[in-house]
């Protein structure tokens with residue numbers, strides 16, 4: 001027969017006072033076993049999470065697809081939050097974008113997320129109608145006029161971070177209309193987890209009858225305003241950030257003047273209104289465990305190289321978490337790679353519960369690499385796997401790191417392995433205005449652009 005160990009049975013065989021030590025040991029052992037079981041469960045848990053990429057151009061769209069994005073978001077015209085800082089698409093592009101995304105089995109989301117005035121309503125309705133007709137997956141909206149209209153015509157919609165959803169009651173209200181909700185950027189992981197738990201507990205569903213998915217920004221620029229709602233640009237330059245026309249006033253350096261003495265002080269070392277970028281890759285497992293269904297990458301105004309690097313890193317991180325190979329070594333490698341493209345320094349944002357005090361050391365990018373336009377592809381030879389390049393703006397040499405971008409190519413990275421001149425002679429270095437051929441690993445297209453990528457000095 002099995003022996004059942006109880007406190008009384010153990011105590012009978014122990015010297016006075018010794019039972020406390022033994023049961024202290026049992027207590028610790030029990031909690032250690034429970035802890036290890038939790039770890040084992042966490043390791044086995046796999047997350048079904050959407051990786052959402054920014055697409056400010058066809059180059060970025062194709063790059064997002066090539067690097068493992070599950071969905072893309074983009075803007076058209078003047079009523080989106082990047083109307084003046086990104087290369088926006090036209091209304092005529094919607095069918096093409098939808099077709100590309102459908103063919104590659106990813107979703108497409110159109111942003112209509114600015115403050116709307118009366119004279120914007122006609123344009124808003126036209127955008128939503130065209131998006132629906134073009135079979136765009138959903139629209140991302142913030143103004144209640146857009147929420148109501150999209151819902152009335154049965155166009156799937158997502159609630160933008162611009163509405164600053166920060167509690168479960170707000171989630172419940174907007175779940176009547178929205179297929180997905182983007183949470184406020186100011187929440188910490190515990191707050192996100194609480195909302196996620198309450199969604200399940202209270203069975204808060206979207207119009208499709210599914211538990212409402214929540215989306216959060218995982219990487220990219222963080223604004224000093226609440227969820228991006230800032231009036232600084234409007235007050236100073238009559239250009240509204242809430243209508244997609246931010247002048248980045250917060251990213252500048254300022255002087256403070258004592259009005260009594262007229263003495264001036266330059267705010268040294270820190271750009272006190274310019275937060276560092278969000279980077280969650282180092283605590284991504286905790287981020288996903290909080291119940292995030294969609295990881296949003298900021299950067300519709302960024303380059304295809306940025307999209308390629310960031311999406312690839314987070315794709316690898318998600319897959320590593322799901323297959324149990326997510327390690328500190330990998331995190332450090334990803335963070336180093338993320339540092340090569342546009343960033344203003346990286347921080348945890350608000351997610352780990354710290355007050356926001358991590359200001360950028362510069363209003364500009366602190367990327368460790370910089371690209372320089374070199375030339376244009378004039379021909380590609382598929383059998384030889386070489387591209388003919390018209391060098392127009394920059395010399396190149398052997399071992400230079402390069403990128404080639406194009407509307408259908410996306411972005412390709414590589415190193416210059418060989419250079420051949422027009423007379424078929426080989427050289428280690430080629431000058432501007434020469435026609436050359438270089439080996440490329442994948443097909444490229446005529447008029448694709450060649451950039452040379454070099455290390456750059458950054459701010460500490």
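Here, each number is a calculation from the coordinates, and none is a lab measurement. Computed from a prediction, not measured in an experiment: that's the story for all the values here. Please note: Cβ atoms are built from the backbone with ideal geometry, for glycine as well, and neighbour counts cover all protein chains shown.
At a glance:
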| item | result |
| --- | --- |
| Förster-model FRET efficiency, 56 Å R0, residue 45 and residue 455, C-beta, rounded to 0.05 | 0.90 |
| Mean-position separation - Cα centroids, the stretch 170-221 and the stretch 390-429, in angstrom | 46 Å |
| Three-way shape label, the stretch 369-455, alpha-carbon gyration tensor, a/c 1.5 | rounded |
| Stretch gain in nm, segment residue 129-residue 208, where the contour uses 0.36 nm per residue and the Cα spacing is subtracted | 26.4 nm |
| Computed E for residue 259/residue 395 - FRET, C-beta separation, R0 60 angstrom, nearest 0.05 | 0.65 |
| By average C-beta atoms within 10 angstrom, highest first, the peptides 95-103, 400-408 | 400-408, 95-103 |
| Stretchable slack from residue 148 to residue 354, in nm (0.36 nm times residue separation minus alpha-carbon distance) | 70.5 nm |
| Normalised contact order of the stretch 369-455, rounded percent, pairs of Cα under 8 Å and 6 or more residues apart | 43 percent |
| Gained length - residue 431 relative to residue 200, 0.36 nm times residue gap less alpha-carbon distance | 76.9 nm |
| Efficiency of FRET from Cβ geometry, residue 332 and residue 441, R₀ 30 Å, rounded to 0.05 | 0.65 |
| Relative contact order of the stretch 401-446, pairs being alpha-carbon contacts under 8 Å that are 6 or more residues apart, as % | 35 percent |
| 13 Å reach of a label modelled at residue 78, 7 Å along Cα-to-Cβ, counting backbone N of the stretch 118-134 | 118-124 |
| Computed over the stretch 92-222: relative contact order in percent, which uses C-alpha pairs under 8 Å that are six or more apart | 18 percent |
| Most to least packed among 57-65, 206-214, 131-139 [average Cβ atoms within 10 Å] | 57-65, 131-139, 206-214 |
